[in-house]
Amino acid sequence: MYSTAYARPGFNKANQYLAKEILEATPQQLLIKIYDFAIVNCQKHDLVRTNNAIQELINSLSFEGPDVKEISTGLLRLYKFCQDQMRSQNYEIVQKILSELRDTWISTFEKVKMVK
């Protein structure tokens, strides 16, 4: 299924590398990649791509269990706020929030690795 994508015209080596990297990424790595994509596009003032990335973050939330539900509800509010701020062209605040969330996730992933 995925190998046919490489045969498409315009699918260069960089695209092949990116596709391979995404297919082999852990859920944690994918989450960080979405944040990176959102932050870069926020810096470019690209409303559509930034909001699409934030929507992917929203779609990845889980609301199962009381502890997870509380965290996910807070993140949902932040993500919705970021989408609203993008529509209002408040790029700096969105970039700050997304960057801080990204850094928090990375720190959390590193702490979990230390515990295991």
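Derivation of every value follows stated rules applied to the coordinates shown; laboratory data play no part. Treat the numbers as computed from the prediction; the structure is a model and nothing was measured. With ideal geometry, Cβ positions are generated from the backbone for all residues, glycine too; neighbour counts draw on all protein chains shown.
What's the percent breakdown of Cα-Cα distances in the chain across 5 Å bins, shortest bin first?
2, 11, 17, 19, 18, 14, 10, 7, 2, 0
Please give the charge dipole size of the chain, origin at the Cα centre, charges +1 on K and R Cβ atoms and -1 on D and E Cβ atoms. Round to the nearest 20 debye.
In total the dipole reaches around 260 debye.
Hey, fewest Cβ within 10 Å first, where do 23, 31 land in order?
Exposure proxy ranking, most exposed first: 23, 31.
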